[in-house]
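Here the structure comes first, spelled out in structure tokens, and everything after it is commentary.
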């Protein structure tokens, strides 16, 4: 293995960059373009310091739900591999697809395509009758459905709870599916495709003898499986992970 003996698997959105809406007022640096025009992602001072520190001391591997197109809009410098599409895509240094991983995921998606589209249609039909303001969209990769995502146009807090409960009930007892949600999106995808599986694969390529120190950095509950594979886990103080932890173990501040 070349380079530092530390591997940092780092989620992007709401971990090392955020929207202005979530950051609030302050000194923010634009770092990610929107899909239409202007800037969509920014860093505050803490996020800038964290990323600088990680880049100085580790091989940083972005581990994100962003697609290749959305990842290319992030105007930051990376020095290693990248995990995209919630784990479905792995890029080698230089930006080329990892051929072995791509072939494995292609087989998984070809088997799950019809079922994922069927579940998504049932969800969309339900939401048209209960929450028509929500949008339901399937994301494709290589001609196959990779995941379905539900969004609220105004990102209204709590708007996805009922949809998440319905989707959980729809997939209950079926280990083939993963359902995860944050404040702005609800996602359904095959369980065999995940950030955790991709992290395991990249670790085997970069550190086949298990000598590296590994750090997982993320903010949502869906990040926990890949973070738990690492020696240490790091999360923002106001993340979904910390909110859930505080619910289990309330902290009384003096």
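The values are calculated or read from the model by the stated rules, or taken from the named source; none is laboratory data. Since the structure is predicted, the reported quantities are computational estimates derived from the model, not experimental observations. Every residue, glycine as well, gets a Cβ built from its backbone with ideal geometry; the counts of neighbours run over all protein chains shown.
The figures follow:
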{"quantity": "Residues within segment 39-87 that are assigned to a loop (DSSP other than H, G, I, E, B) and under 24 Å from residue 27 (Cα atoms), tallied", "calculated": "6"}
{"quantity": "Pair list, Cβ < 9 Å and 6+ apart or interchain, from segment 155-174 residues that are surrounded by 14 or more Cβ atoms within 10 Å (Cβ to Cβ) to residues that are modelled with pLDDT under 90 and in a helix (DSSP H, G or I)", "calculated": "155/21"}
{"quantity": "Condition check for residue 214: over 18 Å from residue 150 (Cα atoms), part of a strand (DSSP E or B) and in contact with a strand residue (DSSP E or B) (Cβ under 9 Å, 6 or more places away or on another chain)", "calculated": "yes"}
{"quantity": "Within segment 208-228, tally of residues that are modelled with pLDDT of 95 or more and under 13 Å from residue 61 (Cα atoms)", "calculated": "6"}
{"quantity": "Any chance residue 34 is assigned by TED's automatic domain parsing to the domain that holds residue 202, crowded, with 20+ Cβ neighbours inside 10 Å and over 23 Å from residue 206 (Cα atoms)", "calculated": "no"}
{"quantity": "Residue within segment 121-131 that is free of Cβ contacts under 8 Å to residues at least 60 places away in the same chain and either outside any helix (DSSP H, G or I) or not assigned by TED's automatic domain parsing to the domain that holds residue 163 (or both) present", "calculated": "yes"}
{"quantity": "Selection count, segment 87-125, where residues are on the phi > 0 side of the Ramachandran plot and buried (at least 17 other Cβ atoms within 10 Å of the Cβ)", "calculated": "1"}
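So that you can scan it fast, the table gives a plain yes or no per residue for (1) at positive phi; (2) modelled with pLDDT under 95; (3) outside any helix (DSSP H, G or I):
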residue	(1), (2), (3)
174	no, yes, yes
178	no, yes, yes
204	no, no, no
230	no, no, yes
250	no, yes, yes
